[in-house]
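Notes to accompany the following structure.
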Amino acid sequence: MTDDKGADRRNTCSGCEATWTAKLACHCAAANCHRTFSGLALFDLHRSAEGKHGRCLDPAQVLNKAGVAAMEFRDGMWRGPQMTKEQIEKAWGSKEAGQ
């Protein structure tokens, strides 16, 4: 991916094969992790304060307050769950508002 000036906008982890282009994506470079998240909030959710320097949790096992999976692996990175059509319409107020 390049920007309007032709500069390469790919990010690559030097410790693994991961490459991403999302501006807000966060990649965990911990030795036993190397997972990419769609944003800082999900990155933070996968970290635990246990241990001297904290540790990484399995993103598939991280639950939200309702006890539902907080993230899912989609399009090469960990993301929040996709919204249903009804949730999108409620958030935007109507079908047309989100278009």
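The values are calculated or read from the model by the stated rules, or taken from the named source; none is laboratory data. All figures in this text were calculated on a predicted structure; none of them were measured in a lab. All Cβ positions, even for glycine, are placed from backbone atoms using ideal geometry, and neighbour counts span all protein chains on display.
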Return the pair list, or none, for Cβ contacts closer than 9 Å from residues in region 7-31 that are closer than 18 Å to Leu42 by Cβ to residues that are of a type in the set (Asp, Glu) and modelled with pLDDT of 90 or more, at least 6 apart or on different chains.
Cys26/Asp44
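In the list Arg55, Arg47, Arg10, Arg35, which residue meets the criterion of being at pLDDT 90 or above, in contact with a Ser or Thr (Cβ under 6 Å, 6 or more places away or on another chain) and at negative phi? Steps first, answer last, please.
Working: Arg47 fails: in contact with a Ser or Thr (Cβ under 6 Å, 6 or more places away or on another chain); Arg10 fails: at pLDDT 90 or above; Arg35 fails: in contact with a Ser or Thr (Cβ under 6 Å, 6 or more places away or on another chain).
Just one listed residue meets the conditions, Arg55.
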Just to be sure I understand, how many residues within region 47-73 are within 14 Å of the chain's Cα centre (by Cα) and closer than 16 Å to Met83 by Cα?
5
Only one residue in Phe73, Phe43 is part of a strand (DSSP E or B), without any contact (Cβ under 8 Å) to a residue 60 or more places away in the chain and surrounded by 10 or more Cβ atoms within 10 Å (Cβ to Cβ). Which one?
Phe73
List the number of the failed condition for Ala29; all other conditions in (1) among the aliphatic types (A, V, I, L, M); (2) assigned to a loop (DSSP other than H, G, I, E, B); (3) buried (at least 17 other Cβ atoms within 10 Å of the Cβ) hold.
(3)
Testing Asp44 on (1) under 22 Å from Cys13 (Cβ atoms); (2) among the charged types (D, E, K, R); (3) over 13 Å from the mean Cα position of the chain (by Cα), one condition comes back false. Which one is that?
(3)
Please tell me if Cys16 is modelled with pLDDT of 90 or more, part of a loop (DSSP other than H, G, I, E, B) and more than 16 Å from the chain's Cα centre (by Cα).
yes
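Of the residues that make up region 61-70, is at least one under 23 Å from Thr19 (Cβ atoms) and either part of a loop (DSSP other than H, G, I, E, B) or at pLDDT 95 or above (or both)?
No.
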